[in-house]
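Peer 1: I have a structure here, written as structure tokens, and I will follow up with some questions on it.
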Amino acid sequence: MLAVRYQYDRATMARSDFQTPPGTRDLTEPTSSRVRRLVALFAEEAERAGFGQIVPPMFEDVGVFVRLGESSDVVAKELYSFTDKGGRDLALRPEFTASVCRSFAQTRPLLPWKTWYSGPSFRYDKPQKGRYRQFDQVGAEVIGSDDPDLDTELIALAWRFFAKVGLRDVALSVNSLGDFADRPAYLDALGAYLRSNADALSEQSRATMATNPLRVLDSKRPQDAAVIAEAPILLDFLSESAAVAFERVTAGLKALGVPFQVAPRLVRGLDYYTRTTFEFAASGLDAAQNAVGGGGRYDGLVEALGGPPEPGIGFALGVDRTLLACDAEASFPAERRPIDVWVVSTTAGTEGIELVEALRNDGIRADRAYGGRSMKAQMKVADRSGASIALIMGEDEAAAGTVAVRMLRDGGGQEPIDRSRVLEKVRSLLP
Ligand code: HAM
């Protein structure tokens, strides 16, 4: 252990003013329990729709993520990759979809495989509000069916979730990126168009144009807007079967009453997408970070990860951004649930800890102060705790085998109760 420690720079070791690394935060109450409730709501929705949970490792062989597309920012610039002590090249996951496909290829579960997940992802992104280096996602994936009704169902699942958390100002954009076979003709047309308008594009987009012209459509730089608005669209290049599938998806969304707009220039930040792609934008957030979720089909990814040529579709929602969007709409408020019972004990014996234990064993939320403080000091803490009931034991109560039950709110009174009846009494007082 010591040998390992001495590999570090002594100046760093001597510091004691550590902060969270840029782009990361401590989630504490009430945000931490808000996140937990949000995930629980998502789990409930997903499981109601037949999805089972997957908890993949947070790091994988770096090759798993390289399949997301070497020209995408997520892989080219933002991957947290490292070599472990065994010489393996690994990376922290920037998203879950690749891990789900790797897991499918590795374990070959029954088809269709419907799985949901939640947890942190890591991207070396430029930190700002709504953009973090460690952020939480919830998501769902289905491998093994190319039925377009599944696309509709998945979009509807995400939509239902946003409705459940009370978000109203969310706009759904859908597009079809066609099959890989539809791409070359489109990329030729797009490339020619971009080259002929290169002078009007930003320097970054001129650079992107050469490696991945599709990604130019994703530029949020104002200078590029006019050129992008007139660019050829993939929907005009779809094969017959991709066009029919997309029709079926939009008809399904209409039938389910899920409002959407077709966004023919919607391309996503990862390279694996085929056919249906979609994104949810919250109008309460800044435009650069207003995507609260997105997803689509990835009909070649499982095969690229060594599995059979099974199609897949899924989505991921950003938990941090969803909560920011909730804040902007004053929905899904943080819940402050104070403790119910505060135990105040000044006896020399173990009555205090025994009572707290008995209450908790009985399913009652109970807490106490530590350090043998005076009755007055403990009562002050009890008042501040937000508990509705204080159970008080001084030497008198200990000698008489009683506990004084005091109502802490609404000027409530105090009455002595026999120790054997305390739990029953507390239960009768709690809502
Ligand atoms: P994504 O669009 O890269 O898609 O991420 C999904 C969501 O994660 C975004 O809409 C956003 O809310 C959130 N997110 C992404 N990056 C950050 C960040 N740096 N800070 C905070 N939130 C962020 C995927 O990850 C795909 N795996 C979705 C998918 C699943 N496609 C098919 N299946």
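The values are calculated or read from the model by the stated rules, or taken from the named source; none is laboratory data. Please read all numbers here as calculations on a predicted model, not as lab measurements. Methodologically, a virtual Cβ is constructed for each residue, glycine included, from the backbone with ideal geometry; neighbour enumeration extends over all protein chains shown.
Peer 1: Name the residues in the stretch 71-114 that are surrounded by fewer than 18 Cβ atoms within 10 Å (Cβ to Cβ), in contact (Cβ under 8 Å) with a residue 40 or more places away in the chain and either in contact with a helix residue (DSSP H, G or I) (Cβ under 9 Å, 6 or more places away or on another chain) or not assigned by TED's automatic domain parsing to the domain that holds GLY52 (or both), would you?
Peer 2: SER71, the sole residue that qualifies.
Peer 1: Further, regarding this structure: Pull out all pairs, ordered by first then second residue, where Cβ-Cβ is under 6 Å, the residues are six or more apart or on different chains, the first lies in the stretch 360-384 and is free of Cβ contacts under 8 Å to residues at least 12 places away in the same chain, and the second is surrounded by 13 or more Cβ atoms within 10 Å (Cβ to Cβ).
Peer 2: ARG360/ALA366
Peer 1: Hey, could you check the stretch 407-420 for residues that are in contact with a Gly (Cβ under 7 Å, 6 or more places away or on another chain) and part of a strand (DSSP E or B) and say which is surrounded by the most Cβ atoms within 10 Å (Cβ to Cβ)?
Peer 2: Per the stated criteria, the residue is MET407.
Peer 1: Could you go through the stretch 177-192 and let me know if any residue there is in contact with a strand residue (DSSP E or B) (Cβ under 7 Å, 6 or more places away or on another chain), crowded, with 17+ Cβ neighbours inside 10 Å and not acidic (Asp, Glu). Before the answer, list the steps.
Peer 2: Just the residues of the stretch 177-192 that are in contact with a strand residue (DSSP E or B) (Cβ under 7 Å, 6 or more places away or on another chain), to begin with: 177-180.
The next check asks that each one be crowded, with 17+ Cβ neighbours inside 10 Å; those that pass are 177-179.
Narrowing the set further to residues that are not acidic (Asp, Glu) leaves 177-178.
Scanning the stretch 177-192, I find at least one residue that is in contact with a strand residue (DSSP E or B) (Cβ under 7 Å, 6 or more places away or on another chain), crowded, with 17+ Cβ neighbours inside 10 Å and not acidic (Asp, Glu), so the answer is yes.
Peer 1: Would you call LEU391 buried (at least 19 other Cβ atoms within 10 Å of the Cβ) and either of a type outside the set (A, V, I, L, M, F, W, C) or closer than 30 Å to ARG67 by Cβ (or both)?
Peer 2: On the way: buried (at least 19 other Cβ atoms within 10 Å of the Cβ): yes; either of a type outside the set (A, V, I, L, M, F, W, C) or closer than 30 Å to ARG67 by Cβ (or both): no.
No: the conditions fail for LEU391.
Residue-by-condition table, conditions (1) closer than 30 Å to PRO120 by Cβ; (2) within 16 Å of the ligand (Cβ to nearest atom):
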site: VAL319; (1), (2): yes, yes
site: THR322; (1), (2): yes, yes
site: ARG337; (1), (2): yes, no
site: ALA358; (1), (2): no, no
site: ARG365; (1), (2): yes, no
site: MET393; (1), (2): no, no
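Peer 1: On to the next question. Here is a check on your reading of the model: is ASP136 within 24 Å of VAL35 (Cβ to Cβ), in contact (Cβ under 8 Å) with a residue 12 or more places away in the chain and either aromatic (Phe, Trp, Tyr) or surrounded by fewer than 22 Cβ atoms within 10 Å (Cβ to Cβ) (or both)? Let's see the steps before the verdict.
Peer 2: Working: within 24 Å of VAL35 (Cβ to Cβ): yes; in contact (Cβ under 8 Å) with a residue 12 or more places away in the chain: yes; either aromatic (Phe, Trp, Tyr) or surrounded by fewer than 22 Cβ atoms within 10 Å (Cβ to Cβ) (or both): yes.
The answer is yes for ASP136.
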